[in-house]
Amino acid sequence: MKTERMMTGRGLQGFAWVLTTLAMAVGSTGCGDACVDDFDCRDQGTPAEGQRYACVENRCELTSNPVPDAGTGSDAGSSTDAGTTTDAGSTVDAGADAGTSTDAGTTTDAGTGTDAGTGGDAGTGSDAGTATDAGTGTDAGTSTDAGTDTDAGTDTDAGTDPCSSATYDPKLGTLQLQTGFVAGESAPLPVAAGPVGVTPGPTYSLYTVVSEGYVGPHALYSLGTWPQVSLGATPLFDVAAPSDRGPSASLFLSPFVETDGQRVLTGYTKSGGGFPGSVGVYDSAAPSAPTYVSAPSNFSAGVVPGAFLVNGGGLGTVSAGLGIYALKTDTFTALKVGTLPPETGGSGFTAVSTNGVAMLGYFSDETFLNEGRAVGPATIAQALSSGTPFDVAAAPALDVGSNFVAASGHGEGVSVLRGDYVPPNYNFAGTDISRFAFTVTDAGATVTVGARQPVLVYVDQCTSVTGLTSLGTDLLVGVDDKNGTRLVRIQQAPQAR
């Protein structure tokens, strides 16, 4: 059982769009543990130097990294050398003798039966014993350096860090913009900011969630108006429902802030059977009277005329398993509007285009990937009025061609962040942001999905995309690298519109 979700990348006070998790996000197994093994903790972001996240009593906690000996799988070229206090093969260091009449450790060489100071010198063509290094199959001083990207014993390789010498664009870093798109304004993102939501315009007001760890406080703040981005001085409302506040309430914030211009929707879940949780609605017309609605397993959301769509396990008094639910904004009544296919193993992503098409997603237990379907505006409107859910699997699929871990409306289409989780640590490695155009016919009943069109391409992992949201007809991209975290507006070139 996994409880992975998109969480914060620099601790809960950091930029909450950093995507380091398998986005099957909230499954339907009903397990109440926050984690069952260290693999479940890989969504906690980048720990401090010398530390790692481990699953301790079903909770992800920071622990110290073990220092590997030069005789294990870690290379002999860093802080624990084959020639320091710990011998590459025995109790005496290979560097204490390696070249005198006494063996480098005992009567048997630090590597095999040949002494480090006789037939095969520890520093010439033969390794300290044989052709096999004291640690692994490649000598610490011959064909392969003491590592490559990451050193066996420290944070940085014994060679160089390619990101330190890479060329960075002031806006896009090392990401490469593709034909048909241009980079507009950019703005630094405050360190405390979490996921970002933007009003429909024409004046684009920004909102974010700021969280002080799992136990909070968790509050919605203004981020100003684009591109004058700055964190408001005071919170607008408490994201946690009154019953979920306090030092013992550990919450997992959902990675969305959605707004229809007047109202702002956020959410969270908790450990427990079915992942209980809530969504909260802040109304700028009644700022002192927020609304909280039960929403187990809520993972993503979107805005359609007259309603918020919630991808999760239920909403309000309507509980019918993983599916697409709607919260009507005039009456704050809830109903199920979309049924997910049988192979659904977890919640998925939601994104709405400017021509009313909703990309509704789910994690597939058949493909082990996130999948997305394009549902037309007429289909959604019919479900909202009749209360009869549509079949998400009956809608046309996006041919993403890989996994994806974020999605956003992008004009008359959507864009997704493609990539996958790479062993052995299963950190997310992005490949590109790609857009899919939607053509709507038959009075909104039929949707045609266009071919994948790359927008931004990774050439390395020195700059990462940390989130996507729409800015009118454009795409607002979170970008993070050694020069800090920022938001960048990506527009379609005039000839491509």
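The values are calculated or read from the model by the stated rules, or taken from the named source; none is laboratory data. Just so we're clear, the structure is a prediction, and the values are computed from it rather than from any experiment. Here Cβ is always computed from backbone atoms with ideal geometry, including for glycine, and neighbour counts include all displayed protein chains. Quick note on the areas: whole protein, heavy atoms, side chains included, nothing else; ligands and nucleic acids left out. Shrake-Rupley method; radii C 1.70, N 1.55, O 1.52, S 1.80 Å.
The solvent-accessible area of F390, taken with every protein chain present and a 1.4 Å probe, is close to 20 Å². May I ask for the distance between the Cα centers of segment 230-253 and segment 439-479, given as a whole number of Å? Spelled out, the Cα-based centre of one part sits 31 Å from the other. Taking label points 7 Å from Cα along the Cα-to-Cβ direction, A249 and A378 give a separation of 4.5 nm. Within the shell defined by Cβ-Cβ distances under 15 Å, the residues around T167 carry a net charge of -2, with Lys and Arg each +1 and Asp and Glu each -1. The local environment of A395, defined by Cβ-Cβ distances under 14 Å, has a net charge of -3 under the rule Lys, Arg +1 and Asp, Glu -1.
Dipole magnitude for segment 168-492: about 340 debye, using +1 per Lys or Arg Cβ and -1 per Asp or Glu Cβ, origin at the Cα centre.
For segment 168-492, the average shadow cast by the Cα convex hull is 16.3 nm², which is a quarter of the hull's surface.
For Y362, the residues whose modelled amide H falls within less than 5 Å of its own, excluding neighbours fewer than 5 places apart on the same chain, are F349, E371. In the full protein context, segment 356-497 carries 37 Å² of accessible surface per residue, based on a 1.4 Å probe and ignoring ligands, DNA and RNA. Residue by residue, segment 373-386 carries 3J(HN,Hα) couplings of 10, 9, 9, x, x, 5, 5, 5, 4, 5, 5, 5, 7, 8 Hz when phi is fed to the Karplus relation 6.51 cos²θ - 1.76 cosθ + 1.60 (θ = phi - 60°); x denotes Gly or Pro.
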